[in-house]
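The structure under discussion appears below in the form of structure tokens.
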Amino acid sequence: QVQLVESGGGLVQAGGSLRLSCVVSGTRLAGYNIGWYRQAAGNEREWVAGFSTAAAITYADSVKGRFTISRDNAKNTVFLEMNNLKPEDTAVYYCSVFLMTVRYWGQGTQVTVSL
């Protein structure tokens, strides 16, 4: 059974930093599409950053240059380093992996950026 558990969210002032972690169990990371999404209150869930099946990294334009995604295959963990945070980054952040025909999600971790 595939499970994803996010951690690292919290309350931070604008300009601050946070590092999110996502521990994945039930599958290896290499060779699969895995990434981070976020959902602000009243908005649809949006993609933030991710690894393709070939391990290519891409970012949403809104976070490019501020967020960095990385992973530790040995620990089956994906990270999202978030710097220069803005109030508009406030959202619940989700880790997700796409296996075969199924997309799995974690429970999410709240990130709140205050002025």
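The values are calculated or read from the model by the stated rules, or taken from the named source; none is laboratory data. Since this is a predicted model, take the numbers as computed values, not measurements. Note that we place each Cβ from the backbone using ideal geometry, even for glycine, and neighbour counts take in every protein chain shown. The protein model used for the area step is the full one, side chains on, heavy atoms only, and it has no ligands, DNA or RNA in it. Shrake-Rupley method; radii C 1.70, N 1.55, O 1.52, S 1.80 Å.
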For the chain, with only Lys/Arg (+1) and Asp/Glu (-1) charged at the beta-carbon, what is the dipole magnitude about the Cα centre, in debye rounded to 20? 220 debye
Taking 0.36 nm per residue of separation and subtracting the Cα-Cα distance, what length does fully extending residue 115 through residue 101 add? 1.0 nm
For the modelled label position 7 Å from the Cα of residue 56 along Cα-to-Cβ, which residues of the stretch 71-100 have backbone nitrogen atoms closer than 12 Å? none
Percent breakdown of C-alpha pair distances by 5 Å bin, ordered from the shortest bin, for the chain: 2, 13, 24, 26, 19, 10, 5, 1, 0
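How high is the relative contact order of the chain, given as a whole-number percent (alpha carbon pairs under 8 Å, six or more residues apart)?
Details: 279 pairs, mean separation 42.1, N = 115.
With pairs under 8 Å counted, the relative contact order is 37 percent.
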Name the residue farthest towards the positive end of the dipole of the chain from the options 85, 7, 27, assuming +1 on Cβ of Lys and Arg, -1 on Cβ of Asp and Glu, about the Cα centre. 27
Over the chain, give the accessible area per residue in Å² for a 1.4 Å probe, as an integer. 52 Å²
Taking Lys and Arg as +1 and Asp and Glu as -1, residues besides residue 106 with C-beta under 13 Å from its C-beta add up to +2
Using a 1.4 angstrom probe on the protein heavy atoms only, could you order 77, 68 from most to least accessible area? 68, 77
Separation of the residue 3 and residue 30 label points, Cα + 7 Å toward Cβ, nm: 2.5 nm
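Tell me the carbon and sulfur percent of the accessible area for the chain, rounded to whole percent, probe radius 1.4 Å.
Numbers: 3070 of 5980 Å².
Heavy-atom surface of the chain belonging to carbon and sulfur, 1.4 Å probe: 51 percent.
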Net charge over other residues, Cβ less than 15 angstrom from the Cβ of residue 9 (K, R count +1; D, E count -1): -1
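Could you give the Stokes-Einstein D for the stretch 12-56 in µm² per second, using the C-alpha Kirkwood radius, 20 °C, 1.002 mPa s? Mind showing how you got there, number by number?
Numbers: Rh = 12.9 Å.
D = 166 µm²/s.
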